[in-house]
Amino acid sequence: MTTSSELLDLSPVMPVVVLDDAEAAPDVARALLAGGIGTIELTLRTPTALEAIERVAAQVPDIVVGAGTVTTPQQANEAVDAGAAFLVTPGTTDSLLDAVTATGLPFLPGAATVSEAMRLAERGLDTLKFFPAEASGGAAALKAFAGPLPHLKFCPTGGISVANAPDYLALATVGCVGGSWLTPKDAVAARDFGTIEALAKESSALAG
């Protein structure tokens with residue numbers, strides 16, 4: 001099983017994908033994979049998200065599929081049942097942290113402040129999600145985090161684009177960034193998987 005820290009090494013960009021049509025999920029995953037992206041985070045923001053995870057896990061085994069926007073213990077368990085290989089939370093409460101830990105899956109718990117990151121570190125976690133990244137101070141904030149918390153690694157997400165991703169990836173404490181720009185809603189709706197593959201190739205070439 002991939003560890004939480006290894007998740008950050010799969011690709012410089014972790015696609016954060018919102019899908020309204022579960023049937024499109026495998027083709028989206030294949031396009032990302034063809035573009036050199038090794039992972040996909042399907043967010044639990046739509047009624048079809050769990051089915052989308054099931055389809056990708058079953059039909060595109062070469063990509064590591066995870067569930068994002070996990071906000072309740074129930075969602076964590078449902079994501080496991082759907083075949084998710086990892087979990088991502090936007091923030092972290094005690095009950096949610098206990099639930100995602102109990103699944104046995106690698107996970108990226110959300111933190112937006114130094115205190116939140118320290119609290120997660122006290123629980124033995126060293127690989128976190130920084131969200132919402134841009135609204136919480138961006139790359140400059142994470143650079144400041146590295147002073148007191150050099151041992152923590154982050155996947156910043158929220159407001160990140162192909163233009164500012166290199167600013168984050170240049171930081172020693174950033175393993176990858178999360179971004180939704182790889183799967184534009186109009187491209188998914190039009191089944192324009194060529195565009196998604198092209199965006200994935202561009203993103204997979206980003207490096208810190």
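Worth pointing out:
- Taken over region 10-67, the criterion of being among the basic types (Lys, Arg) and either farther than 16 Å from residue 202 by Cα or surrounded by fewer than 18 Cβ atoms within 10 Å (Cβ to Cβ) (or both) is satisfied by 45, 55.
- The residues of region 91-122 that are in contact with a Phe, Trp or Tyr (Cβ under 8 Å, 6 or more places away or on another chain), surrounded by fewer than 19 Cβ atoms within 10 Å (Cβ to Cβ) and farther than 14 Å from residue 152 by Cα, listed by number, are 91, 101.
- Residue 91 falls short on exactly one of the conditions (1) assigned to a helix (DSSP H, G or I); (2) within 30 Å of residue 141 (Cα to Cα), and that condition is (1).
- Residue count for region 13-35 under the criterion of being more than 12 Å from residue 182 (Cα to Cα) and of a type outside the set (D, E, K, R): the result is 6.
- Within region 143-165, tally of residues that are surrounded by 14 or more Cβ atoms within 10 Å (Cβ to Cβ) and either out of contact with any strand residue (DSSP E or B) (no Cβ under 6 Å at 6 or more places or on another chain) or not in a helix (DSSP H, G or I) (or both): 15
The numbers here are math on the coordinates, done by the rules we state, and not lab data. On a predicted model such as this, the values are computed, not experimentally measured, just so you know. Quick reminder, even Gly has a Cβ in these numbers, built from the backbone with ideal geometry, and neighbours come from all protein chains shown.
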